[in-house]
Ligand SMILES: Nc1ncnc2c1ncn2[C@@H]1O[C@H](COP(=O)(O)OP(=O)(O)OP(=O)(O)O)[C@@H](O)[C@H]1O
Ligand SMILES: [Mg+2]
């Protein structure tokens with residue numbers, strides 16, 4: 001039973017008092033879900049001695065789109081990169097805490113990051129196709145990971161991945177052209193197709209639409225909505241409209257802390273924390 005059901009009153013906003021507002025950093029809202037796809041426990045991230053993420057505990061649900069929002073520099077990308085150990089590639093970046101997936105802490109020493117990054121794929125802000133043909137952008141990963149044995153299987157996977165990413169009809173006659181010859185929105189769908197091709201379970205997206213026009217953005221948003229049937233998607237976005245259009249849960253970050261997590265509608269219509277309210281009403285950030 002939540003506070004509202006228990007008392008008949010809506011929950012009190014946390015941090016109403018300006019002093020509390022500045023000091024209260026414990027997460028409010030429901031950070032756990034039943035049977036999570038990934039479960040982050042007390043995750044902290046340091047760049048040298050500078051703490052960029054403090055003590056984040058958060059479940060990522062199955063087949064959900066979870067949006068991560070917050071002011072520039074609050075740690076959204078840093079946190080997202082924890083989910084597939086992408087921060088390992090940044091020198092002097094240290095991650096502490098645990099992130100469980102299928103009962104295994106992905107930070108255990110014997111976890112191989114190569115299959116992990118296929119299982120938890122990533123799409124970046126700027127589309128970054130390989131300097132290869134459209135076909136080989138998709139075929140490369142499955143070949144490296146041994147998911148295809150011959151040309152027929154590769155062809156099949158290339159076609160199905162491009163279809164799933166909603167790009168097939170636009171590229172089927174030019175598969176040998178460079179990936180970079182596509183428009184920005186097409187390149188981003190190519191990158192999504194590339195992530196899909198290696199059979200991921202989770203797809204991380206860091207502001208995937210920020211370099212796209214509204215039409216390309218709408219196509220990607222539609223695609224994200226379809227993909228959640230098969231995948232879990234964690235997306236960082238600066239667009240609150242986008243978060244409310246496509247996500248089921250939203251996490252609000254502020255200065256490295258996870259301030260609030262809850263159903264997207266509630267975060268935008270009735271946030272519990274003063275800092276969340278300040279951000280979504282444009283008073284901060
Ligand atoms: N490679 C790095 N080396 C050192 N500090 C970093 C590095 N990347 C990020 N930081 C610092 O960590 C903090 C969080 O940065 P991060 O990029 O995660 O924020 P963000 O919320 O994604 O911001 P934006 O919305 O601008 O993309 C910032 O203070 C940033 O300066
Ligand atoms: Mg970022």
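Bear in mind these aren't lab numbers, they're just calculated from the coordinates by the rules spelled out. None of these values were measured; they are calculated from a predicted model. Positions of Cβ are generated from backbone atoms using ideal geometry, with glycine treated the same way; all protein chains shown enter the neighbour counts.
At 0.36 nm per residue, and after removing the present C-alpha to C-alpha distance, how many nm does the segment from residue 180 to residue 35 gain when stretched out fully? Show your work: numbers first, answer last.
On the way: separation 145, 0.36 × 145 = 52.20 nm, distance 3.97 nm.
Separation in residues times 0.36 nm, less the Cα-Cα distance, equals 48.2 nm.
The C-alpha atoms of the chain define a longest principal axis, and helix 184-197 lies at about 90 degrees to it.
Please grab the % of Cα pairs in the range 89-151 that end up more than 17 Å from each other.
Values: 1142 of 1953 pairs.
Cα-Cα pairs in the range 89-151 separated by more than 17 Å: 58 percent.
What would the Debye formula give as log10 I(q)/I(0) at q = 0.10 Å⁻¹ for the alpha-carbon point model of the range 18-176, no solvent? Normalising to I(0) and taking log10 leaves -0.50.
Peptides 238-251, 50-63 ordered by packing proxy, namely the average of other Cβ atoms within 10 Å per residue, highest first: 238-251, 50-63. Note on the chain: with a GNM built from Cα contacts shorter than 10 Å, the maximum mean-square fluctuation among 106, 192, 203 falls on 106.
Relative to the longest principal axis of the Cα atoms of the chain, the long axis of helix 151-164 lies at roughly 40 degrees.
Please find the FRET efficiency linking residue 25 to residue 110, where r is the Cβ-Cβ separation and R0 is fixed at 45 Å, and quote it to the nearest 0.05.
Values: r = 34 Å, r/R0 = 0.75.
Using R0 = 45 Å, I get an efficiency of 0.85.
Highest mean first, the peptides 94-104, 142-152 sorted by other C-beta atoms within 10 Å per residue fall in the order 94-104, 142-152.
For the chain, what's the relative contact order in percent, using C-alpha pairs closer than 8 Å and at least 6 residues apart?
Numbers: 531 pairs, mean separation 80.0, N = 285.
Here the relative contact order equals 28 percent.
Result for the chain in a Gaussian network model with C-alpha springs under 10 Å: among 228, 76, 132, the largest mean-square fluctuation is at 132. Take every Cα pair under 8 Å whose residues are at least 6 apart in sequence, average their separation, divide by the length of the range 186-285, and the relative contact order is 19 percent.
Sort 110-116, 34-40 by packing, meaning the average of other beta carbons within 10 Å per residue, with the highest value first.
Numbers: 110-116: 10.9, 34-40: 16.9.
Taking the mean over residues of other Cβ atoms within 10 Å, the ranking is 34-40, 110-116.
Taking each pair of different alpha-carbon atoms in the range 47-111 once, compute 1/r for the pair, average those values, and report the inverse of that mean as the Kirkwood hydrodynamic radius in Å to one decimal. Working shown, then result.
Values: mean 1/r = 0.0762 Å⁻¹.
So the Kirkwood estimate lands at 13.1 Å.
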